[in-house]
Amino acid sequence: MKFFIDTANVDEIRQASAWGIIDGVTTNPSLIAKEGIEHKKRVMEIVDVVGDLPISAECVETDVDKLLKEAQDIASWAPNIYVKVPMTRNSMEVVKELSPKGVNFNVTLIFSLPQALIAAKAGASFISFFVGRIDDMGSREAAENIIDAVNMVNTYEFPKNPEILVASIRGPLQIIESINAGAHIATVPFKTLEQIFHHPLTDLGVERFYADYLKATGGKVNASSAKDMGISIEEKAKVTA
Ligand code: E4P
């Protein structure tokens, strides 16, 4: 399963890229607004960080003609841009028109299997199935939705061979559900990516290995082993002082 980062913050993208686990980036108008920067400028900064990995940039126009122009413009920013459009009738008209001309679309705000079918038939490349917003309502249907959607794209033929992208992820459990459902992609906020590194037994194990090593070396530790154990050079200096 591919891992995308769901953010418009360049520092977060840079950090997650350094960990070597990022296969793409998704943004949306709320995430861009949070950054307080012009849309194209920020997307081009993201291109500078992730190179040719897929980057989703979302349209805000609603009228067909304006949306058509906006989608063409966003698609022209870089070859790896996936133009994100919400699940509306006008958006589907635009996807149907531009998808055969080579524009890749990420159809977003998908909450039901029939909506996923419409997006797939119109020519979407990514189908963004939202899980967190459904889970927030206390419903269990999100996990089943992903299983059904993956099954659908694996069973039938669609113009762009679409991938199911699990969006609106709030925590590790939804990542587990995405993996078990056979989702192609999960897009994850930076906070959740950070959370994954931590498990009580991992953290305890790192601490114990380090303590044992210190005991055996009489409190001396070299810079590289301190680094391997996730300890800063400053901390290491305290240990060896
Ligand atoms: C991703 O493409 C979506 O825009 C995003 O995951 C939405 O997440 P939210 O429900 O946390 O806003």
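Taking 139, 112, 178 as the candidate residues, the one with maximal mean-square fluctuation in a Gaussian network model of the chain, Cα springs under 10 Å, is 139.
The angle separating the long axis of helix 113-122 from the principal Cα axis of greatest extent in the chain is about 70 degrees.
Which residue fluctuates the most in the chain, going by a Gaussian network model with Cα springs under 10 Å, if the choices are 193, 165, 214? Greatest mean-square fluctuation among the candidates belongs to 214. The GluC sites (Glu not before Pro) found in the stretch 133-178 that occupy coil by DSSP, while having at most 13 further C-beta atoms within 10 Å, are 157. Between residue 44 and residue 179, what's the calculated FRET efficiency when r is the beta-carbon distance and R0 is 30 Å? Round to 0.05. Here the calculated transfer efficiency is 0.40. Report the far tail of the P(r) of the stretch 64-136, meaning the percent of Cα-Cα pairs longer than 18 Å. Summing the P(r) tail past 18 Å for the stretch 64-136 gives 34 percent.
Can you pull out the trypsin sites (Lys or Arg not before Pro) in the stretch 88-176 that DSSP calls coil and that have at most 13 other Cβ atoms within 10 Å? Let's see the in-between values first.
On the way: sites: 89, 96, 101, 121, 133, 140, 160, 170; in loops: 140, 160, 170.
Hits after loop and neighbour filter: 140.
For the stretch 1-109, run through the GluC sites (Glu not before Pro) and keep only the ones in DSSP coil with at most 15 other Cβ atoms within 10 Å of their Cβ.
Values: sites: 12, 35, 38, 45, 58, 61, 70, 93, 97; in loops: 38, 61.
Hits after loop and neighbour filter: 38.
What is the angle, in °, between the Cα long axis of helix 39-50 and the longest principal axis of the Cα atoms in the chain? Nearest 10 is fine, range 0 to 90. Between the helix axis and the principal axis of the chain, the angle is about 50 degrees. Principal axis extents of the Cα atoms in the chain, from largest to smallest and rounded to whole angstrom, are 71, 38, 29.
Expressed in nm², what is the orientationally averaged projection area of the convex hull enclosing the Cα positions of the stretch 104-182? Write out the running numbers ahead of the final one.
Details: hull surface 18.3 nm².
About 4.6 nm², averaged over all directions.
Only the coordinates and a few stated rules stand behind these numbers; no lab work does. The shown structure was predicted, so the numbers you read here are calculated from the model rather than taken from an experiment. Every residue, glycine among them, receives a Cβ derived from its backbone with ideal geometry; neighbour counts consider all protein chains shown.
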